[in-house]
Structures are given as structure tokens and as C-alpha cells.
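Input: a single structure, listed below in C-alpha cells.
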Amino acid sequence: MKIPWKLTRYLPLAARFLREGRLPELLRALGDKRTPQGQRFVALKEDLQLLRALSLAWFKGEYRQISSQALLMVVAALLYFITPFDAIPDWLVGVGFVDDLAVLAWVMRTWHGELEAFRAWRDKQSPERLALIEHLPTAERVDPLHS
């Protein structure tokens, strides 16, 4: 399980976000990030929604059956995704999301078992309970990468 080199530099920042309870800042920034449009990117959006839901459920203490290493990689991948100037800058039309897709695909493939366990747990929750778990409270806008 070799970590993509471009993701490794986000691991210390991800650890800090987890340690300092700053996941909501990251998830707000994720909501603000524009994702590519089109049928080809439906899976990307679904993966991001799953990782967001997992992060919120973990943050709220509702779901803790994920290894610390898997959670760290999820948070690092989300940080990588929201960063506009990563290996391939996101503003490069047509290719800017290629590296983001590669990092997310690696996380989804490497931690497939843990993510599927979360998906199964999530599917067992009532819609009302999920709405509470996955509700991100509003707060001041903060740039998560520069605070």
C-alpha cells in the first residue's frame, strides 16, 4: 500500500485537522469547491459525498469503526482535493482534476473495505438520523489551509 507521493505532504495537515477538531472547516471548504460537470464525474461526486459523510459521522462521534490510518488518508485526500494548486492546478481546463481523481481513486481502492463498512452502516440509519448526522452547522468562513 504505497501512498501516492503527492498525498504524503498532506498527511501532517490532515493529522492537525483531526487533532484540533477542524474537520467542519474542511467540509465547508469542500462544499465550496466546484467539481467538474458531466456524466464522467458522477462517481467522483458520489465518492466525495461518501467521504464527507464518513468525516462528519466520525467527527460527531456517531461512527468510529474506521482505522485511524484510513481516516487520516480520507482527510488528507479531501485536503488535496480542495487545494487548487496541487500537482496539476485545478484551473487547467480538462486536466486540472486528473490528479485529484487519481488520489481519490487510490483512497477508495485502498480503503475499500472500511468505506464499504461505513456505507453499510450508513444505509441502516433512518433518513431522519442521517439528516442530523450529516448536517454541517454553519460557521464563519475560514481558509482551512491557511489558519
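Read-outs: derived from the displayed coordinates by stated rules, not from any lab. Not measured: the values here are computed from a predicted model. Backbone-built Cβ (ideal geometry, glycine too); neighbour counts: all protein chains shown.
Here the simple spin-label model places points 7 Å from the Cα toward Cβ, and for L11 and R119 these points are separated by 2.6 nm. What pairs from K2/K60; K45/K124; K2/K124 go past 27 Å between their alpha carbons? Violating the 27 Å limit, Cα to Cα: K2/K60; K2/K124.
Among the trypsin sites (Lys or Arg not before Pro) in the range 41-73, those placed in a DSSP loop whose Cβ has at most 11 other Cβ atoms within 10 Å are R64.
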